[in-house]
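Asker: Quick one: this structure, given as structure tokens, is what I'll be asking you about.
Read the figures in this text as sums done on the coordinates, not as results from a lab. In this text, all values refer to a predicted model and were calculated from it rather than measured experimentally. In this analysis, Cβ positions are derived from the backbone assuming ideal geometry, glycine residues included, and neighbour counts consider all displayed protein chains.
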Ligand code: 4AD
Ligand code: MG
């Protein structure tokens, strides 16, 4: 029996297998929070129900011991999961002594070193369940819409997204690279199958320690024959809507566990603004408002709010600390005030980060030079003005990949599209319409100093029945990070691989 199915067995006797996530003891009674991966269930053990031996076993349990426990399923709306188990037998399967992750706060580096155990915590469990829902939803969306799943190779002979981020390996004495993107193969597969999508690991050797970068991440790359950039945007939006709808439907409990306010997810079920690069630059620089909001002015207002709140917090913390120190409070009152102080200290840390960041965002927005690619802070500045993802398209061709088509009406612009997530998250999808002309591609490959012979097969796609085609890449971890509103992409994948982190 799994905890998630307990609702089918109310009033019956069942066996549960799982781990001790938490334990509280009273006189002659033990409350165990059991987790089995499908959910959480409070189990109550007393001598009356489980005998003296059963009670003694329960009392001896430590965090993360694995157990088999049997008893009566009783409905209790107040409990996590809605049911509790009145146990009549407890058996230890595997002991757990001195479990390294205690209930207290740990530093992030410690938790990352303990990732193999940290995955058992409630918050990580909820994130992984949401990740699973997103993966399922992506497959469902593409399968329901006539796309064929095909896999691109991981060992490749050519760069897709620039030569500076390649992981080189030894392929029987020849250099080979771990794939940065399955796109070029995706294009070949789309010419065979019409509409395909890939879903696989991709690799970028980026020595950057940002909250958005992984060295190994999962990418979903649809590619569609007879499709232009605008039809491509329709597919992106359809996929995004499908994902968000499923997460809101199926993961209410998980979103609650991680404390995700769902307002922006709900408004992300609307149509996404489609903004050209030119317009986006004007918005970033504060030359054009969005719904009456100006980028620079709203950042300045935000900074003023942050500074005012910092002063407020300091006064409140000092006040409560003094009252506790005065020594005439009851224990409950002290605990209440202490937890308020702790919460404010956490808020203070976040505000201090804003205090550091906002002036930098203002400076980089003011000084943004037309023609440049967007950096993380530019993406943050523009997306803060919207309550849904936005699609920025028609980029200066110099800053985009070699394979993009141009806007036929203004060839300075490449038909790339980036989807930027709101709440400061930035790019989660990159894609565009592909160059179909062989000669134009050859000159781009030369311009980017790429080895022509590695692209001969790719040029064949233009030689034999070339058609307009488009596609995009969704970064799974970037999507999970935004949907869960995580601070860092490292919590969005079971075992992150990034600059400075290969273990566990
Ligand atoms: O924008 P990118 O580099 O585009 C491509 O690779 C295209 N070939 C995709 C295509 O058109 N088929 O990467 C696509 C997405 C980004 O928007 C981002 O979400 C994710 O992949 N991504 C990363 N995620 C985590 N860590 C990194 N280092 C990432 N680099 C890209
Ligand atoms: Mg990109």
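Asker: Place the peptides 172-178, 433-439 in order of packing, highest mean first, counting for every residue the other Cβ atoms within 10 Å and averaging per peptide.
Answerer: Listed from highest to lowest mean packing, they are 433-439, 172-178.
Asker: By average Cβ neighbour count within 10 Å, what is the ranking of 268-276, 392-400, 412-420 from highest down?
Answerer: So the order, starting with the most tightly packed, is 412-420, 392-400, 268-276.
Asker: Also, quick follow-up: I'd like the per residue volume of the convex hull spanned by the Cα atoms of region 297-365, given in cubic angstrom.
Answerer: 64 Å³
Asker: While we're here: Counting just the Cα atoms, what span does region 3-94 cover along each of its three principal axes? Round to the nearest Å and put the largest first.
Answerer: 30, 25, 21
Asker: Which values of log₁₀ I(q)/I(0), to two decimal places, follow from the Debye formula for the chain at q = 0.06, 0.10, 0.13 Å⁻¹ with a uniform point scatterer at every Cα?
Answerer: Values returned for q = 0.06, 0.10, 0.13 Å⁻¹ are -0.37, -0.93, -1.30.
Asker: Which of the peptides 369-379, 448-458 is most tightly packed, and how do the rest follow, judged by the mean count of other Cβ atoms within 10 Å per residue?
Answerer: Values: 369-379: 15.3, 448-458: 12.6.
The densest-packed peptide leads the list: 369-379, 448-458.
Asker: Would you kindly state how much longer the chain becomes between residue 13 and residue 250 on full extension, computed as 0.36 nm times their sequence separation minus their alpha carbon distance, in nm to one decimal?
Answerer: Details: separation 237, 0.36 × 237 = 85.32 nm, distance 2.81 nm.
In short, 82.5 nm is gained.
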